[in-house]
Amino acid sequence: GSLPKWVVNKASQYLAPQMLKKLHKACVKYPAWKEQHDANVTPWPYPEQNKLPLLALPELALRRAASLGNADE
């Protein structure tokens, strides 16, 4: 089913304007934030830009196994 009409009305009267105010506030501050941060660094499509140390997969697997403990309990 669909939502009751009163829920939609309340959402459009209260939640939507509040969200738009927050979005506008964030958009106004974005140029200043962009100047302080390197906007050209995007490691999600370009992994070679990642500055974090790489994890060794065998070590990660051992940590995961140790944190699981005894699964039979």
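The values are calculated or read from the model by the stated rules, or taken from the named source; none is laboratory data. This one's a predicted model, so the numbers in the text were calculated from it and none came from an experiment. Protein only, heavy atoms only, side chains kept; ligands, DNA and RNA dropped before computing areas. Shrake-Rupley method; radii C 1.70, N 1.55, O 1.52, S 1.80 Å.
When the surface is traced with a 1.4 Å probe over the full set of protein chains, Glu59 keeps roughly 90 Å² accessible.
In this view, the solvent-accessible surface of Val8, computed with a 1.4 Å probe and all protein chains in place, comes to about 80 Å².
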